[in-house]
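Visitor: One structure is given below, represented as structure tokens, and several questions about it will come after.
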Amino acid sequence: TGLTSRSSAESDASDQVKPEALTALFPDRLRDAGYRTAFYGKWHAKMPKDFKPEEHFDEYERILRNPYFKEMPDGSKRHETDLIADRGIAFLKSQRGNEKPFSLNLWFNAGHAEDNDRIPGTGHYPWPKAMDGNYDDITIPAPRLSDPAIFELHPEFFKTSNHRERYHWRWDTQEKYQLNMRAYFRMLSGIDHAMNRVLKVLKDEGLADNTIVIYTADNGYYMGDRGFAGKWSHHEQSQRVPLVIYDPRQPEQNRGRIVDTMALNLDLPATFLDWAGAPIPASYQGYSLKPMIDGHEPLEAWREDFFCEHSNPRYSMSWEGVRGERYKYARYTDQDPDYEFLHDLEKDPDELVNLAENPEYGEILTQLRYRTDSLAETLSNVDLNFEDVQ
């Protein structure tokens, strides 16, 4: 949608997308621009009941986990990572003789755990068979922030949250930690292995020199840091995600760069349309990353912070806040009163010190409270009935 959750989702904390937020989906706009679009893999968006995703792509197949291994017609079983890659390869081969450009979405379920199967290793993190034996010869280092004293710094509602519950599913003994981390890395390497097959076909079909490849992922995962697992709170381990963009058309001096610009997942729809030379809808709240990728400085209007939130009333862990270049503010709104965090990311990048009650930071705390209020109100009341603009 190119929109924040606050603007696109219903206000009842259900995470269901509002119908009026569906008028400028990037696959629809790419199709309008002459692109052939495909989607294979994890479709997990909570759309209105009458929404049919297959109507928004030329090719669409939802491939979920539970279980990861799917039974084939011949009785064999194949991992969903490999199935998604298979579909992508078939789509690329179907481009032969097709003059339309394309947008191919491969959305993998890995490395999501099988939450209902908590047998360490292959039960909780089933990996593709091609990864059998990988990492058996190494010992995974302990989490960097695994000191029990760090866990004890957290408020009680954190200690009883789903972050801690899932920690006990995955990491709470040395044996379980080793088994599950190896399995988790095998799942991720399974994606690498599958994408190697896809990229080889991209090259074999003569498409590699003019195809941009974007890799990003789900929320962070903690992996035992702080004594937690999961991906729903305000810490950097939960918020930060990878974003790797490969554009083979870029000159040598633009390659291999780390661009330290605050990018969000909602920037991707605007970026896709910018690459395609298509109008970017005025409703989009993300920015195109194309200028930075092309080696230009960020626009003067580029964000200095962003509004962030997560609804988690089941564990009384709902929160909202602002993440800036230096300071991060979060308030957990299921608590009475709100429980606040304030972190100085420059002096304390591991967010081990909560400055919310430090009088020396009172002015900053007040500013970030106001900033959160202002952004929440603005994003809640946004008018999605814009006319499109370039």
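The values are calculated or read from the model by the stated rules, or taken from the named source; none is laboratory data. Just so we're clear, the structure is a prediction, and the values are computed from it rather than from any experiment. Note that each Cβ is placed from the backbone with ideal geometry, even for glycine, and that neighbours are counted across all protein chains shown. Calculation scope for accessible area: heavy atoms of the full protein, side chains included, ligands and nucleic acids excluded. Shrake-Rupley method; radii C 1.70, N 1.55, O 1.52, S 1.80 Å.
Visitor: Of the residues that make up region 30-46, is at least one open to solvent by 60 Å² or more (accessible area, probe 1.4 Å), at pLDDT below 95 and over 24 Å from the mean Cα position of the chain (by Cα)? Write out each step before concluding.
Guide: Step one: filter region 30-46 for residues open to solvent by 60 Å² or more (accessible area, probe 1.4 Å), giving 31-32, 44, 46.
Going one step further and asking which of them are at pLDDT below 95, we end up with 44, 46.
Add one more test, that the residue is over 24 Å from the mean Cα position of the chain (by Cα), and what stays is none.
The answer is no, given that none of the residues of region 30-46 is open to solvent by 60 Å² or more (accessible area, probe 1.4 Å), at pLDDT below 95 and over 24 Å from the mean Cα position of the chain (by Cα).
Visitor: Further question on the same structure: In region 218-264, what count of residues is obtained for those that are open to solvent by less than 40 Å² (accessible area, probe 1.4 Å) and over 30 Å from R164 (Cα atoms)?
Guide: Looking only at that region, the number is 5.
Visitor: Which count do you get for residues in region 171-205 that are in a helix (DSSP H, G or I) and either open to solvent by less than 60 Å² (accessible area, probe 1.4 Å) or touching a residue at least 24 places away in the same chain (Cβ under 8 Å) (or both)?
Guide: At the first step, the residues of region 171-205 found to be in a helix (DSSP H, G or I) are 174-204.
Among the residues that remain, those that are also either open to solvent by less than 60 Å² (accessible area, probe 1.4 Å) or touching a residue at least 24 places away in the same chain (Cβ under 8 Å) (or both) are: 175-191, 193-195, 197-198, 201-202.
Residues that pass the stated criteria total 24.
Visitor: Now for a different question. Filter region 248-270 for residues that are out of contact with any helix residue (DSSP H, G or I) (no Cβ under 6 Å at 6 or more places or on another chain), touching a residue at least 12 places away in the same chain (Cβ under 8 Å) and closer than 30 Å to S8 by Cα and give the result.
Guide: M262, A263, L264, N265, L266, D267, L268, A270
Visitor: How do the pairs read when you match residues in region 84-97 that are among the aromatic types (F, W, Y) with residues anywhere that are open to solvent by 10 Å² or more (accessible area, probe 1.4 Å), using Cβ under 9 Å and keeping only pairs 6 or more apart or on different chains?
Guide: F91/R36; F91/Y40; F91/E59; F91/F102; F91/L104
Visitor: Given the options R369, R326, R331, name the one that is surrounded by fewer than 17 Cβ atoms within 10 Å (Cβ to Cβ), over 30 Å from L273 (Cα atoms) and of a type in the set (K, R).
Guide: Details: R369 fails: surrounded by fewer than 17 Cβ atoms within 10 Å (Cβ to Cβ); R331 fails: surrounded by fewer than 17 Cβ atoms within 10 Å (Cβ to Cβ).
Checking each option against the conditions leaves just R326.
Visitor: Are any residues in region 122-160 within 21 Å of A356 (Cα to Cα) and either open to solvent by less than 50 Å² (accessible area, probe 1.4 Å) or in contact with a Leu (Cβ under 6 Å, 6 or more places away or on another chain) (or both), and if so, which ones? Let's see the steps before the verdict.
Guide: Step one: of region 122-160, the residues within 21 Å of A356 (Cα to Cα) are 149-159.
Result: I150, F151, H154, P155, F157, F158, K159.
Visitor: Okay, moving on. Specify which of the listed residues (L104, L92, L83) is under 22 Å from L268 (Cβ atoms) and open to solvent by less than 30 Å² (accessible area, probe 1.4 Å). So that I can check it myself, show each step before the final result.
Guide: Working: L104 fails: open to solvent by less than 30 Å² (accessible area, probe 1.4 Å); L83 fails: under 22 Å from L268 (Cβ atoms).
Every option except L92 fails the conditions.
Visitor: Right, another one. I'm trying to understand the selection: among the residues of region 345-365, which are out of contact with any helix residue (DSSP H, G or I) (no Cβ under 9 Å at 6 or more places or on another chain) and open to solvent by less than 80 Å² (accessible area, probe 1.4 Å)?
Guide: Across region 345-365, the qualifying residues are D348, V353, N354, Y361, G362, I364, L365.
Visitor: Of Y361, Y370, Y329, which residue is in contact with a strand residue (DSSP E or B) (Cβ under 9 Å, 6 or more places away or on another chain), assigned to a helix (DSSP H, G or I) and among the aromatic types (F, W, Y)? Break it down stepwise before answering.
Guide: Details: Y370 fails: in contact with a strand residue (DSSP E or B) (Cβ under 9 Å, 6 or more places away or on another chain); Y329 fails: assigned to a helix (DSSP H, G or I).
Among Y361, Y370, Y329, only Y361 is in contact with a strand residue (DSSP E or B) (Cβ under 9 Å, 6 or more places away or on another chain), assigned to a helix (DSSP H, G or I) and among the aromatic types (F, W, Y).
Visitor: Taking G111 as meeting all but one of (1) surrounded by fewer than 18 Cβ atoms within 10 Å (Cβ to Cβ); (2) assigned to a loop (DSSP other than H, G, I, E, B), write down the number of the exception.
Guide: (1)
Visitor: Taking region 75-100 as the search range and keeping residues that are outside any loop (DSSP other than H, G, I, E, B) and small (G, A, S), which one is farthest from G206 (Cα to Cα)?
Guide: We begin by selecting, within region 75-100, every residue outside any loop (DSSP other than H, G, I, E, B); these are 77-93.
Now narrow it down to the ones that are small (G, A, S): 85, 88, 90.
Values: A85: 18, G88: 15, A90: 15 Å.
Out of the qualifying residues, it is A85.
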